[in-house]
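Here's the structure we're looking at; comments come further down.
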Amino acid sequence: MTDSYITVSRTACEEIVINKSRFIGYVSPCSSESDALAFLQHIRDEHKTATHHCYAYIVGENSGIMRYSDDGEPGGTAGLPIIDVMRTKSIVNCCIVVVRYFGGTLLGTGGLVRAYTQSAQAALSASGIVKMEKTALYSCSLPYPAWDKFRYTSERHPVQIQDIEYSNMISFRLALRSGEADHLLQILTDASDRKLVSCFEAEIYAAWECN
């Protein structure tokens with residue numbers, strides 16, 4: 001299993017208009033081909049009167065499943081440009097659907113390629129591209145006097161602090177990239193004057209900013 005992959009963080013939609021044709025780009029994360037097909041059907045149902053529902057999706061480790069469709073547009077002018085946008089950015093576990101309402105003016109093959117490429121890029125930008133990395137989760141607790149120094153140190157390292165609860169101690173969940181977990185946990189423990197109590201919970205894939 002790969003240690004990381006790039007995908008989108010949320011479902012998003014962007015619309016552009018070119019020579020009176022409306023191009024509405026939709027993007028959604030999907031963990032399986034059935035997720036991608038369900039998303040495609042949802043968009044088709046929402047835009048039943050659209051002229052075209054062109055799409056592409058890439059799913060699975062090593063981009064194992066790749067599908068695209070021009071849905072009636074001239075061959076190679078819609079689905080392929082959409083999937084090329086994903087491949088250029090190494091995005092997987094993602095489905096993009098571009099809905100077109102024809103405006104009466106033919107765009108030509110070059111114009112169509114540019115329109116579908118631009119629509120896919122706009123939708124991806126709106127969705128938020130993230131890097132999913134193997135992440136170690138720890139349940140932690142800390143006495144109040146050690147919190148400020150711990151928090152100051154954590155803000156200067158790639159650390160995610162989640163689900164903070166304040167009671168007789170401060171309890172929270174700590175997320176660290178698996179490859180850095182031991183090293184960072186030692187730094188954070190030292191920053192808390194060794195008052196940090198941590199217990200490993202699980203290893204998952206979690207979203208980190210894609211630099």
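Heavy-atom accessible area for M66, with the other protein chains in place and a 1.4 Å probe, reaches approximately 70 Å².
What you get for region 1-158, charging only the Cβ of Lys and Arg (+1) and of Asp and Glu (-1), is a dipole of about 340 debye around the Cα centre.
Of R22, R173, the order by accessible heavy-atom surface (1.4 Å probe, DNA, RNA and ligands excluded), from most exposed downward, is R22, R173. Of the residues G60, L37, Y101, the one whose Cα sits farthest toward the positive end of the charge dipole of the chain, with +1 on the Cβ of Lys and Arg and -1 on the Cβ of Asp and Glu, is Y101.
Just tell me which lysines come within less than 30 Å, Cα to Cα, of K48; anything on the same chain fewer than 8 places away is out. Qualifying lysines at Cα under 30 Å: K20. A full extension of the chain between R173 and A126 corresponds to an added length of 14.0 nm, given 0.36 nm per residue minus the alpha carbon distance. The alpha-carbon of K89 sits under 22 angstrom from the alpha-carbons of these lysines, leaving out residues fewer than 8 places away in its chain: K131, K134. The simple spin-label model puts a point 7 Å past each Cα toward its Cβ; for T2 and K134 those points are separated by 1.4 nm. Taking Cβ atoms as reference points and 13 Å as the exclusive limit, the residues near G60 contribute a net charge of -2, counting Lys and Arg as +1 and Asp and Glu as -1. Ignoring lysines fewer than eight residues from K195 along the same chain, the ones with Cα atoms less than 19 angstrom from its Cα are K149.
Computed over protein heavy atoms with a 1.4 angstrom probe, the accessible surface ordering of K149, K48, K134, largest first, is K48, K149, K134.
Our summary gives region 43-100 a relative contact order of 45 percent, counting only alpha carbon pairs under 8 angstrom and 6 or more residues apart. For the residues D3, D71, a 1.4 Å probe over the protein chains yields an accessible-area ranking, largest first, of D3, D71. Calculated [222 nm] ellipticity per residue, helices only, for the chain: -10000 deg cm²/dmol; basis is -39500 (n - 2.57) per DSSP H run with n ≥ 4, divided by all residues, nearest 500.
Each of L176, S198, P74 was placed along the dipole of the chain (beta-carbon charges, centred on the mean Cα), and the one lying farthest toward the positive end is P74. For H47, no residue has an amide H sitting under 5 Å from its own, ignoring neighbours fewer than 5 places away on the same chain, with H placed 1.01 Å from N. In the list [x] 1.40; [y] 1.32; [z] 1.81, the label attached to Cα Rg over 2.2 N^0.38 Å as derived from the coordinates here is [y].
The values are calculated or read from the model by the stated rules, or taken from the named source; none is laboratory data. This structure is a prediction, so every number in the text was calculated from the model and none was measured. Counting neighbours? That spans all protein chains shown, and the Cβs are built from the backbone with ideal geometry, glycine included. In case anyone asks, the SASA skips ligands and DNA or RNA and just uses the protein heavy atoms, side chains included. Shrake-Rupley method; radii C 1.70, N 1.55, O 1.52, S 1.80 Å.
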